[in-house]
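Read-outs: derived from the displayed coordinates by stated rules, not from any lab. What you see is a predicted model, and the numbers here were worked out from it, not measured in a lab. Ideal geometry is used to build each Cβ from the backbone, glycine not excepted, and the neighbour counts take in all protein chains shown.
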Amino acid sequence: MSLPSVPRVVPQIGQNVTLEVYQSSHILLRVMDDPLPDIILQPGLDRVFEALFTRRRRLILFMLKRSDPRPVVDFLPRSAKASESTSMQLQQDDLPRLASLGYIDWDREAGEVSKGDRFEELEPMLDLLEDHADEFHASWSNGRR
């Protein structure tokens, strides 16, 4: 018997307790007064965070949000030293990953990137980041880990 890939919430087991069973056979017992929003358990959110995982991917997505389509060279640094390694990472990791997630369309021959079929599902997160940038923790902007 196959279980769904998203959690199945079983009726309350006592007060403020839910049992969630995952396809991977992991069971999460949650005890809380204020249950977490369902969105955090959805696989679509994993796609969004994968797309936003690196600075370069975030840059690509924000640039496309503002102007679509864009030449690939727009995503490369201006310094020649950094450009070669960044170009390799961009073409071997970032662009293929974003394309496989459906957030961008990458025309390798034309050297152009445009919004993909799923870009729309990502836009609310981009809006959230942009609209609330001044509310994020200060260490996020100064490079401290």
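Simple point charges give the picture: +1 on the Cβ of Lys and Arg, -1 on the Cβ of Asp and Glu, and for segment 55-139 a dipole about the Cα centre of about 460 debye.
What is the set of long-range amide H partners of Glu112 at a cut-off below 5 Å, with H atoms built 1.01 Å from backbone N? Counting only residues 5 or more places away or on other chains, the set is Val72, Asp107.
The phi-based Karplus calculation (6.51 cos²θ - 1.76 cosθ + 1.60; θ = phi - 60°) puts the 3J(HN,Hα) values of segment 48-62 at 4, 5, 5, 5, 8, 4, 10, 4, 5, 5, 4, 4, 4, 5, 5 Hz, whole numbers, x for Gly and Pro.
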